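A quick write-up on the structure given underneath.
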Protein chains: 2
Amino acid sequence: MTNIPDNRVEFLDDFEAGKEFPLGSFTLTQDEIIEFATRFDPQSFHVDPAAAAESMYGGIIASGWHTTAATMRLMVDHLIPAEASLGSPGMDQIRWLKPVFPDVEYRATYFVNTVTGSKSKPDRGAVNSTTRLFNPDGEEVMSFTGVGFFLKRPGSDL
Amino acid sequence: MTNIPDNRVEFLDDFEAGKEFPLGSFTLTQDEIIEFATRFDPQSFHVDPAAAAESMYGGIIASGWHTTAATMRLMVDHLIPAEASLGSPGMDQIRWLKPVFPDVEYRATYFVNTVTGSKSKPDRGAVNSTTRLFNPDGEEVMSFTGVGFFLKRPGSDL
């Protein structure tokens, strides 16, 4: 893990519409990709190096679910405030735009679309965000948009 | 794994709009949930039994990304035809509707929304589908809608 940001987000109040947070980066080894996919997505281009070499991808690529999970880890490590996080009701528009290969460093960002206080529960609210993953050439390889619930700062006027 | 269906789907042609395929079921242990979340989603309600017991969930629950990955495994084992699968460009509308708990058997289904032949590549096409996960009471706990690319049967008229 390199390029580790400290975003100092503690409560819903610290997310701000239009703001982008760096999430750092990850690199997956071929062994990690094969291990994840053997458990969850054992398609040949994720688990069988010889078959993957013959496929349109030219080699092992990560399961899209591995890519989203590894990106989630960056969000937990570098952004989501542990004390204030109340989970997520869902994600929209996961886009696996380009294959994710072993031994390549992928960098992620978290863009805040909206921050909304709950009408029924005044101590909390929702962040709608788009998380994006980039390869070393700056090309977007994956993105998803979704919602997270967070507690407000005590005394918040959100 | 129980209730293992054999859907005998080989090519794009075997998906049919309006058809629902059973995907069987999975059960996650608390150790599996904690292991996955320790790697990918180390929030307290996924990894710390004592903290989870104090949370609104009342105990350890699976990371939503674990739930989607475990459901993907059912799709690969019981539906997706290995020889014809060309991967997926994305998913929409992942909904984590209810918590997924350890030691509970969850059953999944795959509903075919549309089957579309590619205009540019006549040997293949796309299936738009909604995968749903149910608890033993028949309540929907998770769903996602997405697209998979598959080869057509040789000589297909799709």
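The values are calculated or read from the model by the stated rules, or taken from the named source; none is laboratory data. The structure displayed is predicted, hence computed values, not measured ones. We place every Cβ from the backbone using ideal geometry, glycine too, and count neighbours over all the protein chains shown.
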Quiz item: Within the set of pairs 6+ apart or on separate chains, which have a first residue in the stretch B:45-67 that is at the interface with chain A (Cβ under 8 Å from one of its Cβ atoms), a second that is assigned to a loop (DSSP other than H, G, I, E, B) and among the hydroxyl-bearing types (S, T, Y), and C-beta atoms under 9 Å apart?
Solution: B:F45/B:S55; B:F45/B:Y57; B:G64/A:S88
Self-check item: Output for the stretch B:1-39, where each listed residue is assigned to a helix (DSSP H, G or I) and over 19 Å from B:F111 (Cβ atoms)
Solution: B:Q30, B:D31, B:E32, B:I33, B:I34, B:E35, B:F36, B:A37, B:T38, B:R39
Self-check item: Tabulated pairs, the stretch B:142-155, first within 17 Å of B:R124 (Cα to Cα), second of a type in the set (F, W, Y) and assigned to a loop (DSSP other than H, G, I, E, B), C-beta under 9 angstrom, 6+ apart or interchain
Solution: B:G148/B:F15; B:F150/B:F11; B:F150/B:F15; B:L151/B:F11; B:K152/B:F11; B:R153/B:F11; B:P154/B:F11
Practice problem: Scan the stretch A:76-91 residue by residue and report those that are without any contact (Cβ under 8 Å) to a residue 60 or more places away in the chain and buried (at least 23 other Cβ atoms within 10 Å of the Cβ). | Solution: A:M91
Quiz item: Taking the stretch A:119-131, which residues are surrounded by fewer than 16 Cβ atoms within 10 Å (Cβ to Cβ) and either in contact with a strand residue (DSSP E or B) (Cβ under 6 Å, 6 or more places away or on another chain) or within 14 Å of chain B (Cβ to nearest Cβ) (or both)?
Solution: A:K121, A:D123
Quiz item: Given the structure, is B:S129 among the hydroxyl-bearing types (S, T, Y) and in a loop (DSSP other than H, G, I, E, B)?
Solution: no
Practice problem: Being modelled with pLDDT of 95 or more, of a type outside the set (S, T, Y) and part of a loop (DSSP other than H, G, I, E, B) is the filter; apply it to the stretch B:45-77 and report the residue that is farthest from B:N7 (Cα to Cα). | Solution: B:D48
Self-check item: Among the residues listed as A:F134, A:F111, A:F101, A:F150, the single one being more than 18 Å from B:M91 (Cα to Cα) and out of contact with any strand residue (DSSP E or B) (no Cβ under 7 Å at 6 or more places or on another chain)
Solution: A:F101
Quiz item: In the set B:E140, B:E105, which member is touching a Phe, Trp or Tyr at 6+ places or on another chain (Cβ under 7 Å) and either within 13 Å of chain A (Cβ to nearest Cβ) or within 19 Å of B:S25 (Cα to Cα) (or both)?
Solution: B:E140
Quiz prompt | The listed residue being surrounded by fewer than 19 Cβ atoms within 10 Å (Cβ to Cβ) and within 13 Å of chain B (Cβ to nearest Cβ), out of A:E20, A:E16, A:E32 | solution = A:E32
Quiz prompt | Residue identified as of a type in the set (V, I, T), farther than 23 Å from A:V76 by Cα and not in a helix (DSSP H, G or I) among B:I80, B:I94 | solution = B:I80
Quiz item: Inside the stretch B:81-102, can you point out the residues that are at the interface with another protein chain (Cβ under 7 Å from one of its Cβ atoms) and among the hydrophobic types (A, V, I, L, M, F, W, C)?
Solution: B:A82, B:M91, B:I94, B:W96
Quiz item: On the given criteria, is B:P42 in contact (Cβ under 8 Å) with a residue 12 or more places away in the chain and part of a loop (DSSP other than H, G, I, E, B)?
Solution: no
